[in-house]
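Every number here is computed from the coordinates shown, using simple stated rules; none is lab data. Just so we're clear, the structure is a prediction, and the values are computed from it rather than from any experiment. Positions of Cβ are generated from backbone atoms using ideal geometry, with glycine treated the same way; all protein chains shown enter the neighbour counts.
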């Protein structure tokens, strides 16, 4: 299904209204101090806005939207630092399943994700120097290995694990409470999100699809894109917060926003937000175009992630600076945005890694 | 759109080789004038002008697409650009029937126009200009000085912005200005070239001492010259989208040229990283430009993205200039061509058409709503 930009702006307005109301500063603050995940909120968002099944095809209970719509949802959620499994459960997990091209598995897994009753997460990163391995005996697959930095792992019902098989990579599904799986919450730089370390010890899993090499590449592209859309949301909101502040804070008898040094910092933030917006829109368009050349799609998505994630860190750092002393306090919201921005920058390919990758792809480095 | 571009290609396929055979060095002023005379016969030199005035009546998007094809064919740069793109549209909007007679001569290069806007004391702050025109009988008498006048050395005519009511200017800087159409041979006008850091002299200083300009040469209403001038400037705003596309292309070419297979040795890691940095920014700028064009196509007005593109394009292009010189290394020292010339020329991009600092002020004040001092 496709939507027009007018449809998307209407969707954005509805979401902004709802999320502003449901994810107020106190809620985010409580979560950052250790409050539990609000599963009722996720059910409510799933039921009222179809957020959980946004990109899941209609035949499996979803809205059948594309990544342009997902970008709107991710941007809006990041603006309010929504403490809910949108990126992991509604974007990455469905993408992981769909990229396996296994209709039977999709029919089994996706409807529960779409209606918000099942929170699914993707376990991608392995612990250093080891790789999760999947083996098959008499038609039963088992996985052993340790996955780290699993986003929303502590709240997951279903874990999608990427593991090495004899001839490549495979995608495997396992319930978070099954035998042989251990999910342990880890500390995280981003206080508005929870990550887990997941250990599988010869755990019985269900294989989803066949060889997952192409699937992994697609998952990678979507992850880079999704992180870019979130970075845009973080940057856009931080700019607003900072501009509002410098319009009211007075020193030396005038609002500090009238000082040219402050103006230039705000203008530089604005430039990065607008460039990020352009990049996310351009990347969404090419990702949703089934005829696009995959090498060009990867190039655009990589450029977008490299740009947007660094831009968001710049905007968050500058926004914090503009708040002066108050911005350095634990109580102020600045550091929550900075932590989110920095985490997004470092995950799914840091700008440094992505630039090296681009240099290799384009033959500028050997 | 494709039909008109096909027609243009047909025109260029037919006429460009003939011209090139006649003018082996197409970079001279005379050669460029000759090319404009050929080019304008097809209605291509000023495609946005109405058909009855020798144009094609197309919109901004078509004009940008036409410029792309012209660049692709490597046509000489037409010398009458300011007349074709800036003065012409203003004459069409405000000119009397008599004044519109200039249009035909602008097309044929019988008249070459420049614009007298900036002054030594009025660069970024154009509205503070001080060149005065005082009414005396049937004439205005002009005294003052203009600077950074493009094509000032070659021009036969000038669109001159002057202050006609100094008292109005005290209340609002934009009030009390008028536009005069001036022949450059009028007694009392002295033109001196300005030599730039790259050695060229594309600009002039123009001095006015008791220059008498007939009152019939007033363009548009008296004391509303700011509005008249802004129409002119507004005509070219969409052009930044083309700058964005050109920079993206240039960065992609620089990356391709530095493929390890094309070079004796690989780039130093730091230079390779800087190059990919510029690549990232160049491609993002390209996406931004394409979206601006798409919005124009949908009939929307360009918004703050034109300031954003201006800022990023100028700074990124300077980084690319620097990289080009870094990569060329010592080989670039003994000649002021190629990378070294680009590097020097590029310093203008963050100064011309609003310095980076002024554009940042404009974004902060007009877009973000921060208070003026």
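Averaged over residues, the count of other Cβ atoms within 10 Å places the peptides A:91-103, A:24-36 in the sequence A:91-103, A:24-36, highest first. How would the range A:104-171 be classified by its alpha-carbon gyration tensor: rounded, prolate or oblate, with rounded meaning a/c under 1.5 and the a/b versus b/c comparison settling the rest? Cα axes put the range A:104-171 in the oblate bin. Cα extents for the protein assembly as shown along the principal axes, largest to smallest and rounded to whole angstrom: 101, 66, 51. On the principal axes of its alpha-carbon atoms, the range A:235-302 has extents of 59, 17, 12 Å, going from largest to smallest.
For the range A:5-118, the Cα-based Rg and Dmax, in that order, read 14.1, 43 Å.
Computed over the Cα atoms of the range B:214-325, pair by distinct pair, the Kirkwood hydrodynamic radius stands at 16.4 angstrom. Note on B:226, A:330, B:113: ascending count of other Cβ atoms within 10 Å places them as A:330, B:226, B:113, the fewest first.
The Rg/Rh ratio of chain B, with Rg taken over Cα atoms and Rh as the Kirkwood radius over Cα pairs, comes to 0.98. Over all pairs of different C-alpha atoms in the range A:165-243, the reciprocal of the mean inverse distance, the Kirkwood hydrodynamic radius, equals 15.9 Å. Quick note on the range A:121-211: its Rg to Rh ratio, both from C-alpha atoms and Rh being the Kirkwood radius, is 0.97. Between the Cα long axis of helix B:2-22 and the first principal axis of chain B there is an angle of about 90°, rounded to the nearest 10.
Here the relative contact order of chain B, from alpha carbon pairs under 8 Å that lie six or more residues apart, stands at 11 percent. For the residues of A:59-65, the average number of beta carbons from a partner chain within 10 Å of their own beta carbon is 0.
At q = 0.14, 0.17, 0.18, 0.20 Å⁻¹, what base-10 log of I(q)/I(0) does the Debye formula yield for the range A:214-362 when every alpha carbon is treated as an equal point scatterer in vacuo? Calculated log10 I(q)/I(0) at the listed q: -0.67, -0.89, -0.96, -1.10. Between A:345, A:131, A:250, the Gaussian network model of chain A with springs among Cα atoms under 10 angstrom shows the greatest mean-square fluctuation at A:250. Can you give me the angle between helix B:305-328 and the longest principal axis of chain B, using Cα atoms only, in degrees from 0 to 90, rounded to the nearest 10? Approximately 50 degrees, to the nearest 10.
Relative to the longest principal axis of the Cα atoms of chain B, helix B:269-297 runs at roughly 50 degrees.
Across the range A:214-362, Cα pairs under 8 Å and at least six residues apart give a relative contact order of 33 percent.
Anyone know which of B:41, B:229, B:356 comes out most mobile in the 10 Å Cα GNM of chain B? Greatest mean-square fluctuation among the candidates belongs to B:41. Given the range B:48-109 reduced to its alpha-carbon atoms as identical point scatterers, what log10 I(q)/I(0) does the Debye formula return at q = 0.27, 0.28 Å⁻¹? For the range B:48-109, the Cα-only Debye profile gives -1.28, -1.32.
Computed over chain B with a Gaussian network model linking Cα atoms closer than 10 Å, the most mobile of B:275, B:180, B:91 is B:275. With all pairs of different C-alpha atoms in the average, the Kirkwood value for the hydrodynamic radius of chain A is 21.1 Å. The alpha-carbon positions of the range B:277-329 define a convex hull whose volume is 59 Å³ per residue.
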